[in-house]
Amino acid sequence: MPRLFGTDGVRGLANDVITVEVAVGLAQAASVVLGKGRFADGRRASGRRPVGVVARDPRVSGEFIAAAVMAGFASSGVDVLDAGIIPTPAAAFLIADVKADFGVVISASHNAAPDNGIKFFAVGGTKLPDEVEDRIEAALGEKKLAPTGVEVGRIRRFADAEDRYVVHLLSTLPHRLEGIHVVLDCANGAAAGISPEVFTDAGATVTVIGSDPDGYNINDGVGSTHLDVLAAAVLEHGADVGIAHDGDADRCLAVDHLGRIVDGDQIMAILAVSMKERGLLTRDTLVATVMSNLGLKVAMAEHGITLLQTAVGDRYVLEALNEKKLSLGGEQSGHVIMSQFATTGDGILTGLHVLAEMARTGKSLAELAAVMTVYPQVMINVRDVDHHALASNVVIAAAVIAAEERLRESGRVLLRKSGTEPMVRVMVEAEDQSTAEEIAESLADVVRAQLTR
């Protein structure tokens, strides 16, 4: 059987992959694994029941999935704090803030409304390592906890969840944001009820789009996957900057006053240089994935900053940050982790600190983003191939070596198999677009010829 957990929890079509039965079962299994030490033979082994925080984004299926998760927890003897619709990073913060034992966010992030997902957080608001997810998956087939009487869990509304998170966000700011006009795209998602309030309270002039979630329109033509809409709004309103979130608000991408996209790599470069200048960048090191643009590595070297690269996925960035006790990391996609203030990517927090750097320096976002030159990057997805054979194919390996020798220090080649479908991603960066396209297409042809089944 394929692994149920993917790169960010369990995700799929609601009421097909993510069913009531799956939701209840995962919650019951997680109660066994994450509540270990709290239970003995279905009864409390300590002075209180375990506490779990449950949150969701506004997609309509989240209503029944969250209800099923909470039922699974409560029937296992877990007290549930129902935080309602809040961003994923808000849930992570709240788990730590109230010293809960674990938590769940019901969200499919940037996916369309019919999809949904279930992702777990451990004590302290941290994402689960693979081995703990595997234990939860294994526990699906094992005996469940079945307390009775006073040992059954309670479900209560987490009444001040939003207020706690807003106060936390504002407390992290080194500068007020007066004089900056920002357009916020909330993706008709979890940020809609919080992001405009926070930026306004921080002193910015705020124009909002994508802030009318109805359960069905999340990420629909808005948000971090549709930046053309944000760019048009910035130009229309004459704003200084645009900030885009995804459905669960753990991402931040930006648009400058000319409507040009500023991606996660550029945002990390801005924050890293700022934090180094202020003595806040631990060991002068930034953590990013192998998918980050070569221009980020070049820019960091020019500023005396070490770039530590990990496998693709914000969980691997988080692991490196925690292991080495570093302060900043993220992904090109806009997951940016400021570990002094958050245990996961936080799109609202990131956006606030980008604007704070604009306020601190008096520079536009375009001027700040110029710290990094973005190398042309070409990505080709080669589909319907035996992606598992990629690592052992000597012909492909030789083609990659030849491409790297041609590019030398002026570019980069990365081939990566998909974790969810029979596909190989071919990525090439070079000093000019035509060279990147030529090499990428050549490598894609080799992959296609060698791995087509």
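The values are calculated or read from the model by the stated rules, or taken from the named source; none is laboratory data. Not measured: the values here are computed from a predicted model. As a convention, Cβ positions derive from the backbone with ideal geometry for all residues, glycine included, and neighbour counts pool all protein chains shown. The accessibility values were calculated without ligands, DNA or RNA, using every heavy atom of the protein model including side chains. Shrake-Rupley method; radii C 1.70, N 1.55, O 1.52, S 1.80 Å.
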Legend entry - Long pairs among 127/297; 99/276; 325/417; 297/417; 276/325, criterion Cα-Cα beyond 21 Å: 127/297; 99/276; 325/417; 297/417
Legend entry - For region 384-453, the fraction of alpha-carbon pairs in successive 5 Å shells from zero, as %: 3, 19, 30, 23, 15, 8, 2
Inset, instruction - Per residue, how big is the convex hull around the C-alpha atoms of region 176-325? Give it to me in cubic angstrom, could you? - result: 128 Å³
Inset, instruction - Take the eigenvalues of the Cα gyration tensor for the chain, scale each by 5, and report the square roots as semi-axes in whole Å, largest first. - result: 36, 29, 20
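Please figure out what share of the DSSP beta bridges in the chain is antiparallel and state it in percent, rounded to the nearest 5.
Values: 37 of 68 bridges.
Of the beta bridges lying entirely in the chain, close to 55 percent run antiparallel.
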Legend entry - Kirkwood hydrodynamic radius of region 298-453, from inverse mean 1/r over distinct Cα pairs, in Å: 17.9 Å
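Residue 280 to residue 167: extension gain in nm, 0.36 nm per residue of separation minus the Cα-Cα distance?
Working: separation 113, 0.36 × 113 = 40.68 nm, distance 2.16 nm.
My answer for the length gained is 38.5 nm.
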Inset, instruction - Determine the per residue accessible area of region 26-162 with all protein chains present and a 1.4 angstrom probe, expressed in square angstrom. - result: 37 Å²
Inset, instruction - Report the accessible area of residue 140, computed with a 1.4 Å probe over the heavy atoms of all protein chains in place, in Å² rounded to the nearest 10. - result: 60 Å²
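Only Cα pairs under 8 Å and at least 6 apart count here; give the relative contact order of region 96-135 as a rounded whole percent.
Here the relative contact order equals 41 percent.
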Inset, instruction - With a 1.4 Å probe and every protein chain kept in, tell me what percent of the accessible surface of region 334-390 is carbon plus sulfur. - result: 47 percent
Inset, instruction - Relative to the compact-globule scaling 2.2 N^0.38 Å, provide the ratio for the alpha-carbon radius of gyration of region 29-151. - result: 1.02
Legend entry - Label-point gap, in nm, between residue 416 and residue 306 - each point 7 angstrom along Cα→Cβ: 2.2 nm
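How large is the charge dipole for region 387-442, taken about the Cα centre, if only the Cβ atoms of Lys, Arg (+1) and Asp, Glu (-1) carry charge, to the nearest 20 debye?
Numbers: 6 positive and 10 negative charges, 71 e Å.
Value, rounded to 20: 340 debye.
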Inset, instruction - Give, in nm to one decimal, the length gained when the segment between residue 406 and residue 361 is fully stretched (0.36 nm per residue of separation minus the Cα-Cα distance). - result: 12.2 nm
Inset, instruction - Using only protein heavy atoms and a 1.4 Å probe, report how much of residue 11 is accessible, in Å² to the nearest 10. - result: 70 Å²
Inset, instruction - Take each complete run of DSSP H in the chain, measure how far its Cα atoms stretch along the helix's own axis, and keep only those covering 18 Å or more with mean Kyte-Doolittle hydropathy at least 1.6; list them. - result: 20-34, 394-407
Legend entry - Computed [θ] at 222 nm, helices only, for the chain once each DSSP H run of length n ≥ 4 contributes -39500 (n - 2.57): -11500 deg cm²/dmol
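Under the Kirkwood approximation applied to all pairs of distinct alpha-carbon atoms, what is the hydrodynamic radius of region 127-253 in Å?
On the way: mean 1/r = 0.0576 Å⁻¹.
Averaging 1/r across every pair of different Cα atoms and inverting gives 17.4 Å.
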Inset, instruction - Sticking with the crude label model, points 7 Å out along Cα→Cβ, report the distance from residue 389 to residue 178 in nm, one decimal please. - result: 6.7 nm
Legend entry - About the Cα centre, charge dipole magnitude for the chain (Lys/Arg +1, Asp/Glu -1 at Cβ), debye: 1700 debye
Inset, instruction - Please sort by residue number the GluC sites (Glu not before Pro) in region 70-144 whose DSSP state is loop and whose Cβ has at most 16 other Cβ atoms within 10 Å. - result: 142
Legend entry - Span per principal axis, largest first, for the Cα atoms of region 172-240 (Å): 36, 25, 15
Inset, instruction - Positive end of the charge dipole of the chain (Lys, Arg +1 and Asp, Glu -1 on Cβ, about the Cα centre): tell me which of 108, 292, 29 has its Cα farthest that way. - result: 29
Inset, instruction - Extending each Cα 7 Å along its Cβ direction at residue 150 and residue 99, get the distance between those two points in nm, one decimal. - result: 2.2 nm
Legend entry - Of 282, 233, 376, farthest towards positive along the dipole that unit charges on Lys, Arg, Asp, Glu beta carbons give the chain: 282
